[in-house]
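The values are calculated or read from the model by the stated rules, or taken from the named source; none is laboratory data. As the structure is a prediction and not an experimental result, all values here were calculated from the model. A quick note on method: Cβ atoms are made from the backbone with ideal geometry, for glycine too, and the neighbour counts reach across all protein chains shown.
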C-alpha cells in the first residue's frame with residue numbers, strides 16, 4: 001500500500017498501523033520520506049473502539065508528527081500514547097503484545113487440565129487452621145476462566161495484561 005501511496009505523489013503524514021515488523025515500517029518510512037512524505041508508526045491494542053478507555057493507539061515517531069496524529073484522535077474513543085521517537089517501536093510492541101496474548105493461554109490451559117485430572121480444580125472452602133466461616137482460596141487456586149460467549153462452557157482464554165513501555169507526554 002505504501003508503494004501505491006508514494007507512487008500517487010503523496011507528501012503528507014502517513015500512519016502505518018498495520019501489523020508489520022519494525023523493519024517493514026522502516027522500509028515504508030524510507031520510501032515515503034524519499035517521496036516527500038512523513039511516517040508515524042502505530043500499534044492498536046484493544047477491541048473495536050466503542051467507548052473510551054478500551055482501545056489505545058501507541059505511536060512512535062518524531063514528536064511533532066505524533067502530536068498531529070494525537071490531535072486527530074482527540075475526543076474519540078481511541079486513546080493515543082507516544083512510546084518512542086524511533087519509527088519501529090510501535091510495531092515491535094505489537095509483536096510483543098501479540099506473542100504474549102497468544103502464548104499466555106497455554107500454561108493456563110495446562111494448569112486447568114492437570115487440576116481436572118487430579119480432581120483439585122475447586123479451591124478448599126475453609127482454611128484448616130482457623131475454623132472461620134469465611135471462604136478462602138487454597139494454594140491450588142487457578143486463574144479464573146472466562147465464560148464462553150453465550151453462556152456456554154468456560155474457555156481457557158484469559159484477558160492479558162498489557163505490558164507497554166513508558167508513555168511520553170505529547171506536546
Go through the residues of region 73-85 one by one and say whether even a single one is out of contact with any helix residue (DSSP H, G or I) (no Cβ under 8 Å at 6 or more places or on another chain), in a helix (DSSP H, G or I) and modelled with pLDDT of 90 or more. yes
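Condition check ((1) under 19 Å from residue 97 (Cα atoms); (2) crowded, with 17+ Cβ neighbours inside 10 Å; (3) out of contact with any strand residue (DSSP E or B) (no Cβ under 7 Å at 6 or more places or on another chain); (4) in contact (Cβ under 8 Å) with a residue 12 or more places away in the chain) across all residues:
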{"position": "10", "(1), (2), (3), (4)": "no, no, yes, yes"}
{"position": "22", "(1), (2), (3), (4)": "yes, yes, yes, yes"}
{"position": "28", "(1), (2), (3), (4)": "no, yes, no, yes"}
{"position": "36", "(1), (2), (3), (4)": "no, no, yes, yes"}
{"position": "39", "(1), (2), (3), (4)": "no, yes, no, yes"}
{"position": "47", "(1), (2), (3), (4)": "yes, no, no, no"}
{"position": "50", "(1), (2), (3), (4)": "no, no, yes, yes"}
{"position": "86", "(1), (2), (3), (4)": "yes, no, no, yes"}
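One line per residue, one yes/no per condition, for (1) over 23 Å from residue 5 (Cα atoms); (2) assigned by TED's automatic domain parsing to the domain that holds residue 6; (3) within 13 Å of the chain's Cα centre (by Cα); (4) not in a loop (DSSP other than H, G, I, E, B):
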residue	(1), (2), (3), (4)
30	no, yes, no, yes
52	yes, yes, no, no
87	no, yes, no, no
110	yes, no, no, yes
116	yes, no, no, yes
120	yes, no, no, no
Which numbered condition residue 6 misses (of (1) touching a residue at least 24 places away in the same chain (Cβ under 8 Å); (2) over 23 Å from residue 96 (Cβ atoms); (3) not in a helix (DSSP H, G or I)): (3)
For the list (1) surrounded by fewer than 18 Cβ atoms within 10 Å (Cβ to Cβ); (2) in contact with a strand residue (DSSP E or B) (Cβ under 9 Å, 6 or more places away or on another chain); (3) within 19 Å of residue 2 (Cα to Cα), I need the number of the one condition that residue 67 fails. (3)
